[in-house]
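The values are calculated or read from the model by the stated rules, or taken from the named source; none is laboratory data. Owing to the predicted nature of the structure, the values given are computational and were not obtained by experimental measurement. When we count neighbours, we look across all protein chains shown, and the Cβ atoms used for this are built from the backbone with ideal geometry, even at glycine.
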């Protein structure tokens, strides 16, 4: 299997950190992450919604990712979506997803992940340069982000740093979020993507 397809298959799913949140409620919120193929868009396009489990239709992160193989280097491009709130909950509704067009997508500069195989999974780190800007609670920061995925397990660690002082201003102090896959959407990857990556 081509690495780009393997990465896509592993990412396509619904992930939840229920056990971690129950074991350590003061340190970890109960979160779900859904990534689902946008079959009508460019190969590797996934709709991502990340939300607190108590409010799955009110995600605090909504993006369109695109997995690409650039001369043997796997990358995941991050794209914002115009009128974001109108797409809340769309990752659970294939009909709504099918109406999302490239006109609504905007590349996020400095927010591409470089991804490398490790064992039977992958490790991804946001590109260097401190250019992936995030506004949180009215304060600007740059994102430092890392993920690992292997089969049904995924770990993520996102932290925001002050652009001037580089001090940590938000993010987990206790370590990465530990997710388990609760559903897979790999069977929704269209045949045209498989042909493109062959």
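Points to keep in mind about this one:
- Close contacts from the range 96-111, counting a first residue that is in contact (Cβ under 8 Å) with a residue 40 or more places away in the chain and at negative phi and a second that is part of a loop (DSSP other than H, G, I, E, B) and surrounded by fewer than 16 Cβ atoms within 10 Å (Cβ to Cβ), with Cβ to Cβ under 7 Å and a gap of 6+ residues or different chains, come to 98/40.
- Per-region count, the range 102-126, residues surrounded by 11 or more Cβ atoms within 10 Å (Cβ to Cβ) and within 26 Å of residue 83 (Cα to Cα): 12
- Candidates are the residues of the range 184-198 that are in contact with a helix residue (DSSP H, G or I) (Cβ under 7 Å, 6 or more places away or on another chain) and part of a helix (DSSP H, G or I); the one that is farthest from residue 13 (Cα to Cα) is 197.
- The set of residues from the range 65-84 being part of a strand (DSSP E or B), in contact with a helix residue (DSSP H, G or I) (Cβ under 8 Å, 6 or more places away or on another chain) and over 16 Å from residue 11 (Cα atoms) comprises just one member, 81.
- Only one of 159, 139 that is farther than 30 Å from residue 1 by Cα, in contact (Cβ under 8 Å) with a residue 24 or more places away in the chain and either surrounded by fewer than 16 Cβ atoms within 10 Å (Cβ to Cβ) or in contact with a strand residue (DSSP E or B) (Cβ under 7 Å, 6 or more places away or on another chain) (or both): 139
- Restricting the first member to the range 42-60 and to residues that are at positive phi and without any contact (Cβ under 8 Å) to a residue 60 or more places away in the chain, and the second to residues that are buried (at least 22 other Cβ atoms within 10 Å of the Cβ) and not in a strand (DSSP E or B), no beta-carbon pair is closer than 8 Å while six or more apart or on different chains.
- In the range 65-89, the residue that is surrounded by the fewest Cβ atoms within 10 Å (Cβ to Cβ) out of those that are touching a residue at least 60 places away in the same chain (Cβ under 8 Å) and over 18 Å from residue 105 (Cα atoms) is 69.
- Here residue 29 fulfils each of the conditions (1) part of a loop (DSSP other than H, G, I, E, B); (2) touching a residue at least 60 places away in the same chain (Cβ under 8 Å) apart from (2).
- Scanning the range 29-40 for residues that are in contact with a helix residue (DSSP H, G or I) (Cβ under 7 Å, 6 or more places away or on another chain), at pLDDT 95 or above and surrounded by fewer than 19 Cβ atoms within 10 Å (Cβ to Cβ) returns 30, 39.
- Candidate set from the range 49-64 (those that are touching a helix residue (DSSP H, G or I) at 6+ places or on another chain (Cβ under 8 Å) and part of a strand (DSSP E or B)); member that is surrounded by the fewest Cβ atoms within 10 Å (Cβ to Cβ): 62
- Taken together, the residues in the range 1-26 that are in contact with a strand residue (DSSP E or B) (Cβ under 9 Å, 6 or more places away or on another chain) and in a loop (DSSP other than H, G, I, E, B) amount to 3.
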